[in-house]
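What follows is one structure encoded as structure tokens, with my remarks underneath.
The values are calculated or read from the model by the stated rules, or taken from the named source; none is laboratory data. Quick caveat: nothing in here was measured; it's all calculated off a predicted structure. Every residue, glycine as well, gets a Cβ built from its backbone with ideal geometry; the counts of neighbours run over all protein chains shown. Each accessible area value is taken on the protein alone, full model and side chains, heavy atoms only, with ligands, DNA and RNA left out. Shrake-Rupley method; radii C 1.70, N 1.55, O 1.52, S 1.80 Å.
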Amino acid sequence: MGAEAPVTVLLADDDPDIVEILRLYLMGAGYDVRTARDGEQALDIMRAEEISVALVDIMMPRLNGYDFIRAARRISDAPIIIVSARSMTADKVLGLDVGADGYITKPFDPMEVTAYIRAMLRRVDAPTAPRVLSAGDLALDTERLAFTRAGAPVALTAAELKIMAQFLSAPGRVFTKEQLYACICGADADQVAGCESSVMVHISNIRAKVEDDPSHPSYITTVRGMGYRLDV
């Protein structure tokens, strides 16, 4: 049996102190670590290497975090977590809207960041049975992480794939925003208060990719006061 491929974490931040402390904690947890001082360097690393998860700051020179995520999403589906001092809801919504899978606010506990990465990687790597989840003309190959509508491929981010896996595992069931957020981050549903805006952004992005008319969705419907349901 061959050795498992190493988990490689990309740290992109222009604060050397933050990079160094996270690098030490992540290496201590057994991860390979790549570091970048700016968005352009981070993007070069993403192009050259197989990155398992990326931690990126928003305010970086040469290429800011938002623009980095937009560019990275064209070449990689690896989970991307924003680590930023910006704590406004608008910043978090924009980060998720451009393709991030999570948001951590500075200052932070490095052990908490490490645990966050472990939880996210478990969600990405966990085996799901059956291999293909399907309902109507929607299908998700959980081994290849390939999502299709009527046989045509639809590019989804890691967070969006997790949400669709949840929906396809139980078509017709109503999932609360807390339950959907928990399926993304691996947290317990009772520990994710305040996640409404994050989930709404992900649902909006999925609808834009899947629905014929996102303003009048026929696949992912809103159940007022409760959450969302996959109708097929």
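See the values below:
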{"read-out": "Under-5 Å amide H pairs with residue 138, H placed in peptide plane, nonlocal only", "value": "150"}
{"read-out": "Nearest-0.05 FRET efficiency for residue 17 and residue 197, computed from C-beta distance (R0 41 Å)", "value": "0.85"}
{"read-out": "Amide H partners (placed H, <5 Å) of residue 132, local residues excluded", "value": "142"}
{"read-out": "Heavy atoms of residue 116: accessible area, 1.4 Å probe, square angstrom to 10", "value": "40"}
{"read-out": "Extended-chain gain in nm, criterion 0.36 nm per residue less alpha-carbon gap, residue 134 and residue 73", "value": "19.5 nm"}
{"read-out": "Distance between modelled label sites at residue 223 and residue 108, nm, 7 Å Cα→Cβ extension", "value": "3.3"}
{"read-out": "Computed [θ] at 222 nm, deg cm²/dmol, the chain (DSSP H ≥ 4; -39,500 (n - 2.57); rounded to nearest 500)", "value": "-12000 deg cm²/dmol"}
{"read-out": "Phi-based couplings in Hz for the range 209-220 (Karplus 6.51, -1.76, 1.60; Gly and Pro marked x)", "value": "8, 10, 7, 5, 9, x, 6, 10, x, 10, 8, 9"}
{"read-out": "Integer Hz, Karplus 6.51/-1.76/1.60 couplings in order for the range 12-19, x for Gly and Pro", "value": "10, 7, 8, 8, x, 5, 5, 4"}
{"read-out": "Taking only Cα atoms of the chain, radius of gyration then Dmax in Å", "value": "17.5, 51"}
{"read-out": "Antiparallel DSSP beta bridges within the chain, as percent of all bridges there, nearest 5", "value": "50"}
{"read-out": "Sum of side-chain charges, residue 59 neighbourhood, beta-carbon under 14 Å (Lys, Arg +1; Asp, Glu -1)", "value": "-3"}
{"read-out": "Two-site label geometry, residue 89 and residue 47: point separation in nm, points 7 Å out along Cα→Cβ", "value": "3.9"}
{"read-out": "Degrees separating the helix 158-169 axis from the principal Cα axis of the chain, which is the longest one", "value": "30"}
{"read-out": "Charge sum, other residues only, whose C-beta stays under 12 Å from residue 19's C-beta, Lys/Arg counted +1 and Asp/Glu -1", "value": "-4"}
